[in-house]
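The structure appears below as structure tokens.
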Amino acid sequence: MSTPAVIDTQSPPARRVHYLNARYGVASWLLTVDHKRIAILYLIGVTFFFAIGGIYAALIRLELLTPPGDVFLSETYNKLFTGHGVMMVFFFMIPGIPGVLGNFLIPLMIGAKDVAFPRLNLLSWYLFLIGGLTALWAVVHGGVDTGWTFYTPYSTVYSNGWVVVTAVGIFIAGFSSILTGLNFLVTLHTMRAPGMTWMRMPLFCWGMYATAIIQILGTPVVAITLLLVAAERLFHLGIFDPAQGGDPVLFQHLFWFYSHPAVYIMVLPAMAVISELVTAFSRKPIFGYRFIAASSVAIAVLSFLVWGHHMFVSGQSVYAGLVFSILSFMVAIPSAIKVFNWTATLYKGSVSYQTPLLYALGFIGLFTFGGLTGLMLATLGLDIHVTDTYFIVAHFHYIMVGGTIMGYLGGLHYWWPKISGKLYPEYWSRVSAWVIFIGFNLTFFPQFILGYLGMPRRYHAYPAEFQVLNVMSTAGASILGIGYLIPLVYFFWSMRYGKDASDNPWGATGLEWQTPSPPPTENFPVTPQVTGKPYDYLTAQEEVAVG
Amino acid sequence: MADAAHALAGESPPELQHHFVDLEAQKEASSLGMWVFLVTEILFFGGMFTAYVVYRASYRAAFEGASNLLDIRLGAFNTAVLILSSLTMALAVWAASQGKKNRIVVFLSATILLGAVFLGVKVIEYSQKFEHHEVPGPHFVVPHGLPRQAEMFFSLYFCMTGLHALHMVVGIGLLSWLIARARRGDFTTRYNTPVEMVGLYWHFVDIVWIFLFPLLYLLGRHTL
Amino acid sequence: MELFPQQASSFAPHVDALYGFLIAVTAFFSLLIGTLVVSFAIRYRRRSPGEIPPVVHESGLLELVWTVIPLGLVLIMFFWGAAVYFRITRPPTGAIEIYVTGKQWMWKIQHGDGHREMNELHVPVGQPVRLTMASEDVIHSFFVPAFRFKRDVVPGRFSIAWFEATKPGRYHLFCAEYCGTRHSGMIGWVYAMKPADYQAWLSGGAAGESLAAAGAKRFQEQACNTCHAEQAGARGPSLVGLFGKTVHLQGGQTVVADEAYLRESITNPQARLVEGYPPIMPTFQGLISEEGLLQLIAYIKSLSPSPAAGAAPPAPSTERKPAKP
Ligand code: HEA
Ligand code: HEA
Ligand code: CUA
Ligand SMILES: [Cu+2]
């Protein structure tokens, strides 16, 4: 798998021409079609929206510090959690890992010069940005108070928020997501380097492939649904309005038909990252390659059959409830398989605790726990009690914050040397990993108890007996917030003062480590030939010794 | 083979984008991309078809009554027009594969013309609905003798045909772009992918109408 | 600080038992994965920079094991969960009938005998209570944590639900489905009372006219009686004894006349036509308030003395049957 690229190490990176210093100036960034530069654009975009969503979260926790709704008005609070949910889900989580790591790595990992449709790729970013700013404008200026689920008839008839603008914003961003998925799918089908067969593809690519399937099949449905909501609000079509014979539950079906698969759009990429991390830091071929690859696709397919588990008390028929329950359990099995295989990969490995591994371990633990609480929700008799309480809030934050963000940060640290050509400070990165892990659990574990005690979600004020747990949660959130700020700081720091990174600082396999850091614009001086399986550390031994 | 292509990169054909190995790869990518895009389009319309089926089931009387208020003659005429346009589009694709510049332009223009006719007829139909106060919203008047859920039928009618019409407009835009390129003589026997792709899109839009027409105009109709 | 809400309904013990089992499974697997991951990380930590570990060969058997064990466990969860679910969703016969209307941002409760309450619900312990719920605007959700009981109240349809309080006391009533500005203010109390106290509560306070009586009035106002006159040759079918009986529809299907069907027959008559009648009944969609509908239904129910045995929904429990108009 070795290529002449390795030789480049000797020449000092400073003078070497790479994708970052190939061209200068704002235009060279805003008009770029280089997938690596577009990845950077996404990195800036999603960080911005995460910061917004995070600030909203901080304000939510501030309000919930005390039982009476004394900090904000009810209207304001409702706009806070709506803004928080919308920003985090549609403009941070969903575009996050695919936009940043997917864009940067897929072509590198399969030995291609770029994605299949570079211009489309840039268009996706602009759609994402325009959609995001549109929604942000609505959320800040005026605000929306429907919750991120836009349930009708509240959103269509009763809400006095800027529902239409927000819906349009999400609609636009939806197309960004569709086009990204389309681009990745076609790229993985048609751009693989000679010798890069499907079964030789890194698992990261398999994860992104599964994600693309969901983005392509799911997003159009929510797009049209939100369009109908907007149209109904403007022209009183009555499609979801019972007063005119419409059916609010139909909206819920259409919404969740996308939004359940969407949650796997949010976690599959993180799983994809973890698969790379556990092998790299235990220097072993992944355990059960075929099973992990297959389970990604299985999750993608099954995810379209379980949407009704969000509607167990909405009055859908008892039998629908049974079907959706059993299918929800089935979709859990592939996730279980992944977890066990990751664990087995560490067995008899050569494990080094660098920051990316810490995040990977954090992901495995928190995702397992969050996922298992998902099983509680899929259990009909129990969900009746906990649905629409803080139990739900805790469940999905465990997976999305504890899981996906851990995976995202782990991946960002792992590939940062390749992206920026610099090394981040190892000490501080470990500190932040621990701060985040502790702050996170303190924030969200109490919410499980709150939920089972019966505290409903989306409550601006709550009975006094729930205060102690809420205070713990708020305390945790403050720690968590600081934990997120530390990487923000040292990543910036490292770009200027960080040590130069070698081509393969972790001694990992995979084509992305065969090319200089940062890579040249055309990725590989010579199109690589792939000769063996991925994660083959034995044959890669001598390179490791170098790295 | 990749390296070979690389070596040849110097004299690679102008249409070949830098990141593809050769024209086949490039074409394979675009057609796969187009098909995937059409799949998303199907799901896009799918949402509304679901809504239509659900409500038709519960408000049969209203829907059948309301569908009788649509002008079946105009609908049938439009169907014929679209099928014809599919034919001219197919011919345009064939002409492109032969690299016959003038014919491409002729057939594409014909397709545009037919598309325009379709939209013209739609405008007539819509304006009639306005006159009869059959447009959902504040000015809607429940047609005589029909349950008030007739409004639901028209809501769906306007959403579905409106979205379809929008696709037609986009299609016409693409066709004009193709004509411009054809004039420049971009399309040769070796390279004519764009024509093929737009062709796929156009046929898809027609097929959507082939579903809309019976659903909206024909089902459960008792008068002509 | 307690970790579990108190158990005050017949559901609570079953739900909590199920929860206990799921906690056990969750704890087991979380600890298992956690300890394995950490101990591997320590036991097999990297000793020398260049170290390359031996290849561990994949094992199909292992994959099978950790597919089948979770599969078995989730099946247990599914069946157990379904059993509890059926218990919660299947109302028993002979329950007390109470009618609930949710509206931004309050709960209006009507007892069969005409007692009305606002954001408060008085029920006896040891006796099943059957709620027929409707919403006047958006979706709300009737949630009593101490009863482990929750049901969305969706506009445009009835939500039927039931519970049986077991422990006297005062319990939180929450609206659990987000319904707008004062969602968090749409709360109240459920008072579970000893049967004696309950009777005392009933007899105290002005009961006002019974629900059925109010329904009878509306039946006149809306001129339903012009067609549904109880005589031969009436334009509409007789509604006497309709509730709970099996209706033969046009096209041969049959349907049991429950609340949902009655509601549909009034708001969307054309949907299911009665055998042998023309589709002349106008729709009353949007012409009758939710409360009005509940009253009409109560009236029509009151026209059927004792429900056909085994009919899906029970009739008002005998000792509290509202007086016939
Ligand atoms: C990344 C996001 C994400 C992911 C991956 C998941 C994963 C799962 N979710 Fe979650 N979910 C959400 C995000 C997510 N969810 C959100 C945002 C909501 C709320 C939306 C809203 O209302 O606002 C929600 C709500 C939600 C509900 C609705 C609750 C309600 O509103 O009443 C349900 C019900 O079934 C559910 C179930 C599950 C299940 C079974 C999984 C499974 O995929 C989990 C599978 C994983 C495991 C099982 C762990 C690994 C397994 C092992 C270590 C081995 C042991 C395994 C077994 C014994 C089987 N989720
Ligand atoms: C998908 C991603 C995601 C993420 C990452 C988060 C992150 C967090 N969420 Fe969020 N949350 C949701 C998705 C997410 N959430 C969704 C979908 C809902 C449902 C909404 C609805 O009901 O409609 C929800 C709802 C929700 C609620 C329930 C509100 C309610 O029902 O009334 C709460 C309450 O505690 C909460 C808290 C938090 C906290 C403390 C974090 C913390 O992790 C956040 C920590 C981060 C910070 C504190 C900011 C850190 C600082 C920076 C990054 C820089 C700041 C910028 C500058 C200083 C310039 N969230
Ligand atoms: Cu009513 Cu929330
Ligand atoms: Cu889900």
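The values are calculated or read from the model by the stated rules, or taken from the named source; none is laboratory data. All of these numbers come straight from a predicted model, not from anything done at the bench. Cβ placement follows ideal geometry from the backbone for every residue including glycine, while neighbour counts extend to all protein chains displayed. All accessible areas refer to the heavy atoms of the entire protein, side chains included, with ligands and DNA or RNA removed. Shrake-Rupley method; radii C 1.70, N 1.55, O 1.52, S 1.80 Å.
Test of understanding: among A:A116, A:A138, which residue is touching a residue at least 12 places away in the same chain (Cβ under 8 Å) and assigned to a helix (DSSP H, G or I)? Working first, answer last.
On the way: A:A116 fails: assigned to a helix (DSSP H, G or I).
After applying the criteria, what remains is A:A138.
In the set A:F291, A:F240, A:F281, A:F255, which member is within 11 Å of another protein chain (Cβ to nearest Cβ), touching a strand residue (DSSP E or B) at 6+ places or on another chain (Cβ under 8 Å) and among the aromatic types (F, W, Y)? Even if it seems obvious, please write down each step before you answer.
Numbers: A:F291 fails: touching a strand residue (DSSP E or B) at 6+ places or on another chain (Cβ under 8 Å); A:F240 fails: touching a strand residue (DSSP E or B) at 6+ places or on another chain (Cβ under 8 Å); A:F255 fails: touching a strand residue (DSSP E or B) at 6+ places or on another chain (Cβ under 8 Å).
So the residue among A:F291, A:F240, A:F281, A:F255 that is within 11 Å of another protein chain (Cβ to nearest Cβ), touching a strand residue (DSSP E or B) at 6+ places or on another chain (Cβ under 8 Å) and among the aromatic types (F, W, Y) is A:F281.
Of all residues in the stretch A:321-378, which are more than 8 Å from every other protein chain (Cβ to nearest Cβ), under 21 Å from the mean Cα position of the chain (by Cα), among the aromatic types (F, W, Y) and open to solvent by 10 Å² or more (accessible area, probe 1.4 Å)?
Scanning the stretch A:321-378 gives a single hit, A:F367.
Do we find that A:V489 is within 12 Å of chain C (Cβ to nearest Cβ) and open to solvent by 10 Å² or more (accessible area, probe 1.4 Å) in this structure?
Taking the combined requirement at face value, the residue does not satisfy it.
When you go through (1) crowded, with 24+ Cβ neighbours inside 10 Å; (2) away from ligand 3 (no atom under 16 Å from the Cβ); (3) within 27 Å of B:F153 (Cα to Cα) one by one for A:D247, which number turns out not to apply?
(1)
Return yes when C:E58 is in contact with a Pro (Cβ under 6 Å, 6 or more places away or on another chain) and either more than 7 Å from every other protein chain (Cβ to nearest Cβ) or closer than 18 Å to A:K348 by Cβ (or both) and no when it is not. Please lay out each step first, then the result.
Details: in contact with a Pro (Cβ under 6 Å, 6 or more places away or on another chain): no; either more than 7 Å from every other protein chain (Cβ to nearest Cβ) or closer than 18 Å to A:K348 by Cβ (or both): yes.
So C:E58 does not fit the description; no.
Counting only residues that are of a type in the set (S, T, Y), give me the strands (runs of 3 or more DSSP E) lying completely in the stretch C:19-131 with at least 1 of them.
Working: elements: C:96-103, C:106-111, C:116-118, C:120-124.
The strands (runs of 3 or more DSSP E) meeting that bar are C:96-103.
Output the residues belonging to the stretch C:153-195 that are more than 26 Å from C:D258 (Cβ to Cβ), of a type in the set (S, T, N, Q) and touching a strand residue (DSSP E or B) at 6+ places or on another chain (Cβ under 7 Å).
Start the filter on the stretch C:153-195 by keeping residues that are more than 26 Å from C:D258 (Cβ to Cβ), which leaves C:166-172, C:174, C:178-189, C:191-195.
Add one more test, that the residue is of a type in the set (S, T, N, Q), and what stays is C:166, C:181, C:184.
The answer is C:T166, and nothing else.
Might you check whether a residue that is under 16 Å from the mean Cα position of the chain (by Cα) and β-branched (V, I, T) occurs anywhere in the stretch A:270-289?
yes
Can you tell me which residue is nearest to the other protein chains (Cβ to nearest Cβ) among those in the stretch C:79-107 that are farther than 27 Å from C:S210 by Cα and among the aliphatic types (A, V, I, L, M)?
Checked the stretch C:79-107; the qualifying residue nearest to the other protein chains (Cβ to nearest Cβ) is C:V84.
Taking the criterion of being touching a Phe, Trp or Tyr at 6+ places or on another chain (Cβ under 8 Å) and either surrounded by 20 or more Cβ atoms within 10 Å (Cβ to Cβ) or within 13 Å of another protein chain (Cβ to nearest Cβ) (or both), would at least one residue in the stretch A:522-531 satisfy it? First the steps, then the outcome.
Of all residues in the stretch A:522-531, those touching a Phe, Trp or Tyr at 6+ places or on another chain (Cβ under 8 Å) come to none.
No; the residues of the stretch A:522-531 include none that is touching a Phe, Trp or Tyr at 6+ places or on another chain (Cβ under 8 Å) and either surrounded by 20 or more Cβ atoms within 10 Å (Cβ to Cβ) or within 13 Å of another protein chain (Cβ to nearest Cβ) (or both).
Somewhere in the stretch B:202-223, is a residue assigned to a helix (DSSP H, G or I), open to solvent by less than 40 Å² (accessible area, probe 1.4 Å) and free of Cβ contacts under 8 Å to residues at least 24 places away in the same chain?
Filtering the stretch B:202-223 down to residues assigned to a helix (DSSP H, G or I) leaves B:202-218.
From the residues that got through so far, the ones that are open to solvent by less than 40 Å² (accessible area, probe 1.4 Å) too are B:202, B:204-206, B:208-209, B:212-213, B:215-217.
Going one step further and asking which of them are free of Cβ contacts under 8 Å to residues at least 24 places away in the same chain, we end up with none.
Checking the stretch B:202-223: not a single residue is assigned to a helix (DSSP H, G or I), open to solvent by less than 40 Å² (accessible area, probe 1.4 Å) and free of Cβ contacts under 8 Å to residues at least 24 places away in the same chain.
With (1) buried (at least 21 other Cβ atoms within 10 Å of the Cβ); (2) more than 8 Å from chain C (Cβ to nearest Cβ) as the list, and A:S314 as the residue in question, which single condition is left unmet?
In the conditions (1) buried (at least 21 other Cβ atoms within 10 Å of the Cβ); (2) more than 8 Å from chain C (Cβ to nearest Cβ), A:S314 misses (2) alone.
Which of the following residues is open to solvent by 10 Å² or more (accessible area, probe 1.4 Å), among the hydroxyl-bearing types (S, T, Y), touching a residue at least 40 places away in the same chain (Cβ under 8 Å) and outside the structural domain of C:I288 (by TED's automatic domain parsing): C:Y191, C:Y178, C:Y198? Outline the logic, then answer.
Values: C:Y178 fails: touching a residue at least 40 places away in the same chain (Cβ under 8 Å); C:Y198 fails: open to solvent by 10 Å² or more (accessible area, probe 1.4 Å).
Only one candidate qualifies: C:Y191.
Where in the stretch B:12-129 are there helices (runs of 4 or more DSSP H), lying wholly inside it, with at least 3 residues that are at pLDDT 90 or above and open to solvent by 20 Å² or more (accessible area, probe 1.4 Å)? Reasoning before the result, please.
Details: elements: B:23-58, B:60-67, B:72-98.
It comes to B:23-58, B:72-98.
Which one of these does A:V313 not meet: (1) within 16 Å of ligand 3 (Cβ to nearest atom); (2) part of a helix (DSSP H, G or I)?
Unmet condition: (2).
Here is a yes/no grid of residues against (1) among the β-branched types (V, I, T); (2) within 11 Å of ligand 3 (Cβ to nearest atom); (3) farther than 22 Å from C:F4 by Cα:
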{"position": "C:V123", "(1), (2), (3)": "yes, no, yes"}
{"position": "C:A146", "(1), (2), (3)": "no, no, no"}
{"position": "C:E209", "(1), (2), (3)": "no, no, yes"}
{"position": "C:A213", "(1), (2), (3)": "no, no, yes"}
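Residues being more than 16 Å from ligand 4 (Cβ to nearest atom) and among the β-branched types (V, I, T): count how many of those fall in the stretch A:258-294.
The first filter runs over the stretch A:258-294 and keeps only residues more than 16 Å from ligand 4 (Cβ to nearest atom), leaving A:269-294.
Next, from what is left, pick out any that are among the β-branched types (V, I, T): A:273-274, A:278-279, A:286, A:292.
Result for the stretch A:258-294: 6.
Restricting the first residue to the stretch A:441-468 and requiring it to be on the phi > 0 side of the Ramachandran plot, which pairs with a second residue that is among the aliphatic types (A, V, I, L, M) meet a Cβ separation below 8 Å and a spacing of at least six or different chains?
A:G454/C:A146
Given the conditions (1) under 29 Å from A:I292 (Cβ atoms); (2) without any contact (Cβ under 8 Å) to a residue 12 or more places away in the chain; (3) surrounded by 21 or more Cβ atoms within 10 Å (Cβ to Cβ), which single one is not true for A:L538?
Here A:L538 meets the rest and fails (3).
Checking C:V68 against (1) open to solvent by less than 60 Å² (accessible area, probe 1.4 Å); (2) more than 9 Å from chain A (Cβ to nearest Cβ), which test does it fail?
Going through the list (1) open to solvent by less than 60 Å² (accessible area, probe 1.4 Å); (2) more than 9 Å from chain A (Cβ to nearest Cβ), C:V68 breaks only (1).
When you scan the stretch A:274-290, do you find a residue that is closer than 30 Å to A:W148 by Cα and more than 14 Å from ligand 2 (Cβ to nearest atom), even just one?
At the first step, the residues of the stretch A:274-290 found to be closer than 30 Å to A:W148 by Cα are A:274.
Still in the running and more than 14 Å from ligand 2 (Cβ to nearest atom): A:274.
Yes - at least one qualifying residue is present in the stretch A:274-290.
Yes/no per residue for (1) hydrophobic (A, V, I, L, M, F, W, C); (2) within 11 Å of ligand 2 (Cβ to nearest atom); (3) surrounded by fewer than 24 Cβ atoms within 10 Å (Cβ to Cβ):
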| residue | (1), (2), (3) |
| --- | --- |
| A:I52 | yes, yes, yes |
| A:L59 | yes, yes, yes |
| A:L62 | yes, yes, yes |
| A:V71 | yes, no, yes |
| A:G83 | no, yes, no |
| A:F90 | yes, yes, no |
| A:G99 | no, no, no |
| A:I106 | yes, no, no |
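Among (1) more than 16 Å from ligand 3 (Cβ to nearest atom); (2) surrounded by 22 or more Cβ atoms within 10 Å (Cβ to Cβ); (3) touching a residue at least 40 places away in the same chain (Cβ under 8 Å), where does A:L254 come up short?
(3)
For the stretch A:296-308, which residues satisfy the criterion of being crowded, with 22+ Cβ neighbours inside 10 Å, within 11 Å of ligand 1 (Cβ to nearest atom) and assigned to a helix (DSSP H, G or I)? Before you say what the answer is, go through the steps one by one.
First, pick out the residues of the stretch A:296-308 that are crowded, with 22+ Cβ neighbours inside 10 Å: A:296, A:299-300, A:303, A:306-308.
Filter again for within 11 Å of ligand 1 (Cβ to nearest atom), leaving A:299, A:303, A:306-308.
If the condition is that a residue be crowded, with 22+ Cβ neighbours inside 10 Å, within 11 Å of ligand 1 (Cβ to nearest atom) and assigned to a helix (DSSP H, G or I), then A:I299, A:S303, A:W307, A:G308 are the ones that fit.
Criterion first (in contact (Cβ under 8 Å) with a residue 12 or more places away in the chain, within 14 Å of chain C (Cβ to nearest Cβ), buried (at least 22 other Cβ atoms within 10 Å of the Cβ) and in contact with a Leu (Cβ under 7 Å, 6 or more places away or on another chain)) does A:F204 satisfy it?
Numbers: in contact (Cβ under 8 Å) with a residue 12 or more places away in the chain: yes; within 14 Å of chain C (Cβ to nearest Cβ): no; buried (at least 22 other Cβ atoms within 10 Å of the Cβ): yes; in contact with a Leu (Cβ under 7 Å, 6 or more places away or on another chain): yes.
When the stated conditions are applied, A:F204 does not pass them.
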